[in-house]
Structure formats: C-alpha cells, structure tokens
Amino acid sequence: MAAVDYYSDAFAAAPAASPHAGTWLERLGGARKGKPGEGTELSRPFTVEEVSTQLMSLKCGTAAGPAAIATDFIRKACTKDEDNNIEFMLAPALSLLFTTCLQVGRAPAGWQRALVTPVPKPGCNPALLSSYRPIAVGSIIPKIYARTLNARLVEWAEKNNKHAPEQAGFRPGMNTENHLFHLRHIWDVSQQPGAAPMYLAFVDLKQAYDRVSRPLLWTALDFIGIQGAFLAAIQSLYADVQMAVRLPSGPSPYFPCARGLRQGCPLSPTLFTLFFDHLMDYLRDTDFPAAATALKLDGGVPVPGLAHPLRALLFADDVVLVARSRAGLQALLTRMNVFCRHWQL
C-alpha cells in the first residue's frame, strides 16, 4: 500500500495560511475586487438549456468513475424531432437536482470521490512513485454539475473582467497564439536600433494545482465577488474529498484529499486561473514595498491593448517574466517568490 501512503501524504492538508496573503490581496488587488451584489446572478436556478448544453458536449466512451455510470447512458438518452433538434431526457431532472444543490450549498458525498490511476511519466524511473502522474476520474453526474457551474462562472468572469489581461489559459477566445504574438512584438521592439535588451524568464510551477490551499482559494474567490450560494456550491464539492488508488489487486480503501484542486474536475482550470491571476498584482505594483531595492521594477514593455506595461504572460501556471534589465528581471523573480510563499504554491 505504498502508493496509498504516498498520495495520502501528497494531498494532506496545507499548513496554516500566511496572514500576508489576505493583507496583500486587499492592498494590491483593488481592480478585481468584487462590488456589492456583483456575484448575485451566479446563484440563479439552472435551466434545462444550460444543462443540455453541457450534455451535448460530453464525449462518449470515457471511464465511468466510482459510481459506474457510463457517460454514454447520459449522453445518448435523448430524442430528435423532425428538424434534428436534440432533447435530452435527463436534462429537466438534472437541472432540478443541480439547482437544489446550488440553493442548499451541499452535494452528495459520493460526488466527492475519485479513483486515481498512477500513469508513468516518460523517461522517469518506474521504481519511484514520484515518477507517476496521478490521473483522477470522478463520476459523471458530479462532472456534469461542475461543467454547468463552470460555464456560468466563465461567462461571469469574462463579463466582469475578473481575469488579469495577461492570463490566456482556459479562457474563451484566447490561447497560446495570443502570447506568441506578444512575445514576437517585444522581440521586434528589442531589435530596434538603440533599444534596450530584453530579459525573459520562463517559469513552470511544480504541481501547482495539487498545492493550492483551499482556505486561500475561498479567500481569493470571495474577494473578487464569488460569494453566497455559488461559493458554497463550489465549496460543497470540496467538503470531504476522498480518493482511492487503482492497484493491480483492485481499488485501495478511500483516503481524504485535503489539499489542491480536484483532478479532472471541469471547474479546476477556471478556479486556478482566478486564484493565480493575483500574481500580476505583485508584479505590477511599483511600491511593493517602496524601501526594498531588490523589488524595484524597471519600466516594463508597453504593449498595445494593455493598460499596464507588460511584465509577464500567463497561461494557467506557466509564466513568462519580461523585463528590460537584469535587475528588473531579478526583481520580478523575487516578487514571484514572495507571492508563492504567501499563497503556498
């Protein structure tokens, strides 16, 4: 049962949150701070149309998860009229179920269970458990619920400008091409006669999703206006997360997972980007703190369409830091280190 012990330790509760995280959030994150009543629309009842949209996008033939309900059973339970319009037979019942979960802020305990399959990483030592990537599979009903929550959250976050403009990860209409364009632009700027050189640092956080502190996540979501019933609905999916490891002899006993975002959950990428976007507040503030020479920023790179000089590009947890001097790049690295310590990443 070495695998069970390994993953139990890996997903143990995070240390107590740093008091600096909330303090700096209030000081630096004012532009994204939620306005009174701004998130009320998130808590409206779910419609049959919202659920049907998520059912339409389901892929058949995927793993059933702990509840052993096949995706095909949900997706193919439908009828077509003469115009080929699809009506999902379970959509009305699911919309009522999901609305009830949203309104009471609770979810069935079985929705918080997942089976973990250790998948070997290419080129790593197969004798080490750290050489395996844990792939978690949950049941289909909670996955549809999470997809429906996520669709509403994505729409709200875009409409209310809750993302840092430098973030392109898992956002509608944005992808890596946006950042490639920006990188090419700043490269062209640096090649102009007499232009200052450009300094870049590419940073990839280790196990970023698995290390997210849930208390800090709730703090960050509440700060930007995700409150009340909708926040409680998200938290209900984390109330008692349980995981079991697929072993050659069969599934292991379930053990608690008290840290990180749920693997394989449709909500996780959006929750992470909203959480991680606060990094940009640390990288933009020129008086952070004023007395620290090691944290002093250079002028950054002006880019059309951005209100601030460009200092970083984000794609989920992948970061490119951009500076016009070595000292400026070191200041960005130091600030990112401070952010990661405050926010336990």
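The values are calculated or read from the model by the stated rules, or taken from the named source; none is laboratory data. All values reported here derive from a predicted model rather than from experimental measurement. In this analysis, Cβ positions are derived from the backbone assuming ideal geometry, glycine residues included, and neighbour counts consider all displayed protein chains. The protein model used for the area step is the full one, side chains on, heavy atoms only, and it has no ligands, DNA or RNA in it. Shrake-Rupley method; radii C 1.70, N 1.55, O 1.52, S 1.80 Å.
Can you confirm whether Glu26 is in contact (Cβ under 8 Å) with a residue 60 or more places away in the chain and open to solvent by less than 50 Å² (accessible area, probe 1.4 Å)? Judged against the criteria, Glu26 is not a match. Of all the listed residues (Glu166, Glu155), the sole one being among the acidic types (Asp, Glu), under 30 Å from Pro197 (Cβ atoms) and either in contact with a strand residue (DSSP E or B) (Cβ under 8 Å, 6 or more places away or on another chain) or open to solvent by 70 Å² or more (accessible area, probe 1.4 Å) (or both) is Glu166.
The residue list Ala68, Ala114, Ala107 contains one member that is surrounded by 12 or more Cβ atoms within 10 Å (Cβ to Cβ), of a type outside the set (Phe, Trp, Tyr) and in a loop (DSSP other than H, G, I, E, B), which is Ala107. Look at the stretch 242-281 and say how many of its residues are within 18 Å of Met174 (Cβ to Cβ) and at pLDDT below 90. Selection size over the stretch 242-281: 0. Set side by side, the residues Gly173, Gly105 differ, and just one is modelled with pLDDT of 90 or more, under 30 Å from Val322 (Cα atoms) and over 16 Å from the mean Cα position of the chain (by Cα), which is Gly173. Screening the stretch 75-93 for residues that are touching a residue at least 24 places away in the same chain (Cβ under 8 Å) and touching a Leu at 6+ places or on another chain (Cβ under 8 Å) and picking the one that is surrounded by the fewest Cβ atoms within 10 Å (Cβ to Cβ) gives Leu90. Suppose the filter is of a type in the set (A, V, I, L, M), closer than 28 Å to Gln242 by Cα, open to solvent by less than 30 Å² (accessible area, probe 1.4 Å) and modelled with pLDDT under 95; does Leu58 pass it? When the stated conditions are applied, Leu58 passes them.
Selection over the stretch 249-273 of residues that are outside any loop (DSSP other than H, G, I, E, B) and in contact (Cβ under 8 Å) with a residue 40 or more places away in the chain gives a count of 9. Test Arg259 against the criterion of being open to solvent by 30 Å² or more (accessible area, probe 1.4 Å) and within 18 Å of the chain's Cα centre (by Cα), and give yes or no. Yes. Could you go through the stretch 331-345 and let me know if any residue there is part of a helix (DSSP H, G or I), small (Gly, Ala, Ser), open to solvent by less than 60 Å² (accessible area, probe 1.4 Å) and over 27 Å from Trp111 (Cα atoms). Yes: one or more hits.
Residue by residue, here is whether (1) in a helix (DSSP H, G or I); (2) open to solvent by 20 Å² or more (accessible area, probe 1.4 Å); (3) in contact (Cβ under 8 Å) with a residue 60 or more places away in the chain; (4) of a type outside the set (Lys, Arg) holds:
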residue	(1), (2), (3), (4)
Asp188	yes, yes, no, yes
Pro197	no, yes, yes, yes
Leu200	no, yes, yes, yes
Phe230	yes, no, yes, yes
Ala239	no, yes, yes, yes
Met243	no, no, yes, yes
